[in-house]
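A short reminder: the numbers here are calculations on the coordinates, not readings from a lab. None of the values given here were measured: they were computed from a predicted structure. Here Cβ is always computed from backbone atoms with ideal geometry, including for glycine, and neighbour counts include all displayed protein chains.
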Amino acid sequence: MRNQGFCGIASMASDVVIRVAEGCAEEFNLLWDTVWNPNRGVGDWAPAKPDEINNRGGLRAKAAIETAVILALFTDKRIAPDHPLYFLADGEQGGYWGDGVPLEDDHPGSWLWLLERAPLTILGLPASHYAEQFAIEALAPLKDQGVCVRIDVSATQYPIEGRLELSVALYGRDGALVYNRNFDVLWNQVAR
């Protein structure tokens, strides 16, 4: 094998061929953005913009942190029937297709979906308390993976409007704010 520099390796040894400069090309982002739609209260995908040269005609892929936060918070995490808050699930366990894939770590997602029809007070604590705990737990992998070094979450409930507002802020190593968003979680107010 002949080495012509880190980004210019070429080899014709028997049946092995290493393409020249493959690692030097602009990195192609294979994950598309999940974009928060505040009017509908859901995550959605957006078409790529013309400036995404390697992704023309595809889905936008420019907001990796936003996508990670939305997927962490709004992927329905499966809840076990023996969990103390299972009664909020109304007989459903939640979850998504990825629950069938064995993982070393816990499956991603949150139990925020349990709060959509929950009463304002759950087991003696306000629903906003649970929203904060669910969000912190769901976002913890971002800190573990080095996306941020600090996560601030706060939840405020607005009973008259029938909504719960969740604020999420992520901070980088230098203390700078790298992500800041408010989410509304609507209640259907089904008292149990």
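R0 = 35 Å: FRET efficiency of LYS49 with ARG150, Cβ-based, nearest 0.05?
Details: r = 31 Å, r/R0 = 0.88.
The value I calculate is 0.70.
Residues whose amide H falls under 5 Å from that of PHE183, counting only those 5 or more places apart or on a different chain, are LEU166, SER167, VAL168, with hydrogens built in the peptide plane. Residue ranges 176-183, 63-70, 108-115, 81-88 sort as 108-115, 63-70, 176-183, 81-88 when ordered by packing (mean number of other C-beta atoms within 10 Å per residue, highest first). When VAL153, VAL168 are sorted by how many other C-beta atoms sit within 10 angstrom of their C-beta, beginning with the fewest, the order is VAL153, VAL168.
Taken along the Cα-to-beta-carbon direction at a fixed 7 Å, the label points for LYS143 and TYR158 span 2.8 nm.
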